[in-house]
Amino acid sequence: MIPLLLFPATVSVASTKTVVAESYYVMADGDTLAIAEEKVLQRAQRKAVEEAGVYLEATFHDFERESGGRNSQTSSLEIRTIAAAITETDVLESRRSFEQDRPVFFVRIRATVNLTSLADAITRHQSDRQLAQHFRQLQQENQQLRAQLRQLQQQPVGVRMLAIEPSGKSDVHQRARTLLDRALHTQNLRDKIQLSTEASMLDDHYVDPFIVRGQTYIRLISLAFAERAPASTYAEYLEKARADFDRAVALDDKNLWAWIGKGDALSWLQHQDEAAAAYEQALELDPFADIARQRLIALYTTQARSQADAKHWQHALGTLKKLLNAQTPDSWIPYQKEAYLLRSDIYLKLNQPDHALSDLSTVIQVDPTNTSALVTRANLYRDRLQGRLAKEDLERACVLGSIDACEQLP
């Protein structure tokens, strides 16, 4: 749902407003303390936005459900929109209490709300949603895309020359938007590339056609690689994708999908540091850009593993430090499991068992069935003469099918 925003008449001029807002949040069974604190802060920020004179249509829903005797609570809100509006947040008061044996979090904040930034975020919302939908569409149509890839490899895509008749700028842009809409909805890759190319030729300052075409090229590259095609067969697509995303960033350096696409192209080119910088820029624009964070996790983990394989332990730890930092929400820890495992192994090689133990415990917390982590932690416990804890880990791993764990039990 796209939020409905009612702006004061003065929003056309850059304006900020400082307001004080407060909120409560009842901790759900599935929440950690960090997640509960994050949710109560998000609620307060939402109230600050609305008290500043901006109304967001009901996109915030809380509901509680009971299953197997446990309660769970789900929250949904336009987090990205609120994040765009809040330029500064000071926590004035924060406390916890209990109601019916459940923790209740309270926070009072002073927030600076930039209404101009919020308006800009909303104007991007529709475009971003379309580009995200196009990205998912390309991801889901593997079988059909493979057939089209083979067709494209046999017959290079041509570009028709357009005769652009003199007309108003708005009319040309509207024709470009119409072509792009057709490109977004067609499943034929040749037509998708052709239509987005024509849209870009009609209006070369319209950023979305470059992103759509770049996304299509990246998907073609991914499919060719999956089919073990020689790199030479998709090198041209890679250069075209890179050029499209470079152009998109030049046209609009606040466009999330332009930076994600640029990171993808640079990753394929093995320019890892530049790719990481592109994904970081996407996350700076939108801290809730899940795709950018997933890409960054995979990139840094792969880079750190290569450094560890070369026995460059400190370099590997430095790379992982960029990923495993306090600013990353707890909800992302499951996706960082391999990074924590890798770092625990490096700590063991550097004879830092306490750090290794902490990382292994983090892995086991999010993946209680990880027998390798359980056995390694059991051995660390045994070295620390904590026999009971070692026995518990070995018993759990043995039940899960670890022969090594079973053999170590008395």
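The values are calculated or read from the model by the stated rules, or taken from the named source; none is laboratory data. Here the structure is a predicted model, which means the values were calculated and not measured. Note that we place each Cβ from the backbone using ideal geometry, even for glycine, and neighbour counts take in every protein chain shown. In case anyone asks, the SASA skips ligands and DNA or RNA and just uses the protein heavy atoms, side chains included. Shrake-Rupley method; radii C 1.70, N 1.55, O 1.52, S 1.80 Å.
Using the Cβ-Cβ distance between H205 and V20 with R0 set to 35 Å, the FRET efficiency works out to roughly 0.25.
Just to check, using Stokes-Einstein with a Kirkwood Rh over alpha carbon pairs, what's the diffusion coefficient of the stretch 323-410 at 20 °C and 1.002 mPa s in µm²/s?
162
What the phi angles of the stretch 187-197 give under the Karplus curve with 6.51, -1.76 and 1.60, with θ = phi - 60°, is a coupling list of 9, 8, 5, 4, 5, 4, 5, 5, 5, 5, 5 Hz, glycine and proline written as x. Karplus-derived 3J(HN,Hα) values for the stretch 21-27, using 6.51 cos²θ - 1.76 cosθ + 1.60 with θ = phi - 60°, are 9, 9, 7, 10, 8, 8, 5 Hz; glycine and proline are entered as x.
Ignoring ligands, DNA and RNA, how do D354, D31, D404 rank by accessible area with a 1.4 Å probe, largest first?
Descending accessible area places them as D354, D404, D31.
For S232 and S97, the FRET efficiency from 1/(1 + (r/R0)^6), where r spans their Cβ atoms and R0 equals 60 Å, is about 0.35. With the simple model of a label 7 Å out from the Cα in the direction of the Cβ, V399 to T116 spans 6.1 nm. The candidates M201, M27, arranged from most to least accessible area with a 1.4 Å probe in the full protein assembly, appear as M201, M27. Each residue of the stretch 376-390 was assigned a 3J(HN,Hα) from its phi angle through the Karplus curve 6.51 cos²θ - 1.76 cosθ + 1.60 (θ = phi - 60°); the sequence is 5, 5, 4, 5, 5, 4, 5, 4, 8, 6, 9, x, 5, 5, 4 Hz, with glycine and proline shown as x.
Direction-averaged projected area, Cα convex hull, the stretch 187-332: 10.0 nm², rounded to one decimal. Ignoring lysines fewer than eight residues from K262 along the same chain, the ones with Cα atoms less than 28 angstrom from its Cα are K192, K240, K254, K321, K322, K337.
Remark on T18: its backbone amide H falls under 5 Å from those of V113, a criterion applied only to residues 5 or more positions apart or on other chains, H modelled at 1.01 Å from N. Label point of D330 set 7 angstrom out along Cα-Cβ; within the stretch 36-50, amide nitrogens under 17 Å from it belong to 36-43. At 7 Å along the Cα-to-beta-carbon direction for both N188 and K322, put a label point, then send me their distance in nm to one decimal. Rounded to a tenth, the inter-label distance reads 4.3 nm.
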